1. So if we plug the beta-carbon distance of A:THR3 and A:GLU185 into 1/(1 + (r/R0)^6) with R0 = 41 Å, what FRET efficiency do we get, rounded to 0.05?
2. What ³J(HN,Hα) values, in whole Hz, does the Karplus curve 6.51 cos²θ - 1.76 cosθ + 1.60 give for segment B:190-200 when θ = phi - 60°, with x put for Gly and Pro?
3. Just how far, in whole angstrom, is segment B:77-147 from segment A:166-227 if you go by their alpha carbon centroids?
4. Would you kindly state how much longer the chain becomes between A:PHE192 and A:SER85 on full extension, computed as 0.36 nm times their sequence separation minus their alpha carbon distance, in nm to one decimal?
5. Considering the zone a paramagnetic label at A:ASP106 would reach in this model (a point 7 Å from Cα along the Cα-to-Cβ line), which residues of segment B:17-45 have amide N under 17 Å from it?
6. Quick one: which residues, 5+ away or cross-chain, put their amide H under 5 Å from the amide H of A:VAL57? H built at 1.01 Å from N.
7. Please report the relative contact order for chain B, taking Cα pairs under 8 Å with a sequence separation of at least 6, and give it as a percent rounded to a whole number.
8. Find, among the chymotrypsin sites (Phe, Trp or Tyr not before Pro) in segment A:71-164, those assigned to loop by DSSP (not H, G, I, E, B) with at most 15 other beta-carbon atoms within 10 angstrom.
Amino acid sequence: MVTGDVKLIGSWASVFVMRARIALNLKSISYEFLQETYGTKSELLLKSNPVHKKIPVLIHDDKPVCESNIIVQYIDEAWSSYGLSILPSQPYDRAIARFWAAYVDDKWFIALRSILTARGEEEKKAAIAEVEERTDHLEKAFIECSNGKPFFNGDHIGYLDIALGSFLGWWKVVELDANHILLDETKTPSLFQWAERFCNDPDVKPLMPETTKLAEFARKLFPKPQA
Amino acid sequence: MAKEVILLDFWPSMYGMRTRIALREKGVDFEYRDENLREKSPLLLQMNPVHKKIPVLIHNGKPVCESAIQVQYIDEVWPHKNPILPSDPYQRAQARFWVDFIDKKMYEAQRKVYATKGEEQETGKKEFIEILKTLESELGDKPYFGGDDFGYVDIGLIGFYTWFPGYEKFGNFSIEAECPKLIAWAKRCMQRESVAKSLPDPEKVVEFMAMLRKKFGVE
């Protein structure tokens, strides 16, 4: 089976890049990882993603694919005979998975990030409350999608597991920053247990950034205002 | 016999238009229900508890939310007639990219064009024209975004065309002067029955936008 020439432009710290890497691992696709230097954008990145100029960019036989969730779907479709399916097989289940993946990006992630950018205690408290409310939605989504199985996608990790699970490194970092538990074993027990299973998955484990290293990087990305 | 497919929608919604067009492309019989957004129906709140927004597609009692997701669902459930997404994975990724681009960029920019004034409106107009020019450049000399056949990106964008006269009136500029190829593309799409049947009268949309402007205190 010929996979073609595969490159991925990205960064070790990026949630969105991790999604693409997990998907490539799931399909056992070898690829060249082109690590971007923080603070600059390579010529290849600017040429491959002129519209958004963002990572990740998957380059398959010199053809670029952009946007992490679109890349994951592409990987599933281009290498459909490799490994297991990433998207569910039924159209309705696919629509549900896509709905929640969009929710993760449009609503949940925005709330999580606003904890890091909050100015003052009031703003931080409000941001935390929002994350907790939205995480609660995701707990319900997990119960609905998993149908008693270990992952959103069922027996094996899939599209929605990848979409949300890739945030687990940053989830821990934001917890530390906020000094507040954001993935609570008692409030969202299904998600809590799912998170441990996801992080231990062999296609995920080598990619999850180490918390201390990520926290250090977060301090660079989200500097605290000087007192 | 109760309809197998119900669409909860709001007539001027460019997002609802996507789903209407997709259903008509496939020849799917559906019941259209116009929502009063100031008094949302219990069915809407029950079927989209997370966002409480239209459009909501209800198929055999099960809801699908988010217009781009609905269009993909429709294409997958009724695959045989008028395919909407291309069959090649790379082309599919490109189509998804451009609908995602429209979803990320269009709403805020077009809102500034008609629902703000002064400097904010001028900034909005610049952004909006830039977005349209990017799309026009992607279209190039092709009849449709996907090439020879009407498809996903065309469906993703065409609904905004009914709002163009309103943008031009309230923004005081000509979209055709800036993006002639895009206007030619839109007129081509309007020739399709599924599109003509799914889009409202632009004059009514202008009236609706005028009402919104009053509501936002811009008029």
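1. 0.55
2. Those phi angles translate into 5, 5, 7, 4, 4, 6, 4, 6, 9, 9, x Hz.
3. After rounding, the separation between the Cα centres reads 34 Å.
4. On the way: separation 107, 0.36 × 107 = 38.52 nm, distance 2.43 nm.
Length gained, A:PHE192 through A:SER85: 36.1 nm.
5. B:17-20, B:44-45
6. Amide H to amide H, under 5 Å and 5 or more residues apart or across chains, A:VAL57 pairs with A:ILE9.
7. Averaging sequence separation for qualifying contacts and normalising by length gives 21 percent for chain B.
8. Passing sites in segment A:71-164 are A:TYR82.
None of the figures in this text is laboratory data; all of them are computed from the coordinates on show. As the structure is a prediction and not an experimental result, all values here were calculated from the model. Using ideal geometry, Cβ is built from the backbone for each residue, glycine included, and neighbour counts are taken over all protein chains shown.
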